[in-house]
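Below: one structure, written as structure tokens.
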Amino acid sequence: MDCIFCKLANGEIPTNMVYEDDRVAAFRDMAPVTPQHILVVPKAHYASLEDIPMDEMDIIADIHRAIRKIADQEGFAKDGYRIINNCGKDGGQEVPHIHYHLLAGKPLTRLVTD
């Protein structure tokens, strides 16, 4: 499989890893939109939320546990942060590997939806 996030999460491509356990990896985004912009991904490949079998949905809890640990570790848990997951083409997903954008480090404006 030629998935960039799989390669980053599993150490095949060097990255600025901020968190790692046996199921989840997190690394700094190469094009950050906030002072703290971290991508949190499962090490196993799932194209999107819709690709995760129902009996494997515990990976989402693992990702959220990792996000809490990262927020504490990086020092922005107290001030707050935003978590974004784009799902599918119409949802704005650009890389076909489920990932969460963890954004922090400045006040974030309200999201506007159409």
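The values are calculated or read from the model by the stated rules, or taken from the named source; none is laboratory data. Just so we're clear, the structure is a prediction, and the values are computed from it rather than from any experiment. No Cβ is skipped: glycine too gets one built from the backbone with ideal geometry, and neighbour counts run over all protein chains shown. Side chains are part of the model used for accessible areas, which takes the heavy atoms of the whole protein and leaves out ligands, DNA and RNA. Shrake-Rupley method; radii C 1.70, N 1.55, O 1.52, S 1.80 Å.
With of a type in the set (A, V, I, L, M) and touching a Ser or Thr at 6+ places or on another chain (Cβ under 9 Å) as the only criterion, which of ILE67, ILE98 stands out?
Working: ILE67 fails: touching a Ser or Thr at 6+ places or on another chain (Cβ under 9 Å).
Only one candidate qualifies: ILE98.
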Q | Selected residue (only one of HIS45, HIS101, HIS64, HIS37 is closer than 17 Å to THR15 by Cβ and in contact with a Phe, Trp or Tyr (Cβ under 9 Å, 6 or more places away or on another chain)) | A | HIS45
Q: Could you tell me whether region 70-78 includes any residue that is within 15 Å of HIS99 (Cα to Cα) and surrounded by fewer than 17 Cβ atoms within 10 Å (Cβ to Cβ)?
A: no
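Go through region 60-113 and give me each residue that's of a type in the set (Val, Ile, Thr) and either part of a helix (DSSP H, G or I) or within 18 Å of ALA25 (Cβ to Cβ) (or both).
To start, the set of residues in region 60-113 that are of a type in the set (Val, Ile, Thr) comprises 60, 63, 67, 70, 83-84, 95, 98, 109, 112-113.
Hits for region 60-113 are ILE60, ILE63, ILE67, ILE70, ILE83, ILE84, VAL95, ILE98.
Considering THR15, THR34, which residue is open to solvent by less than 30 Å² (accessible area, probe 1.4 Å), among the polar types (S, T, N, Q) and assigned to a loop (DSSP other than H, G, I, E, B)? Break it down into steps so the answer makes sense when it comes.
Numbers: THR15 fails: open to solvent by less than 30 Å² (accessible area, probe 1.4 Å).
Result: THR34 is the single residue among THR15, THR34 that is open to solvent by less than 30 Å² (accessible area, probe 1.4 Å), among the polar types (S, T, N, Q) and assigned to a loop (DSSP other than H, G, I, E, B).
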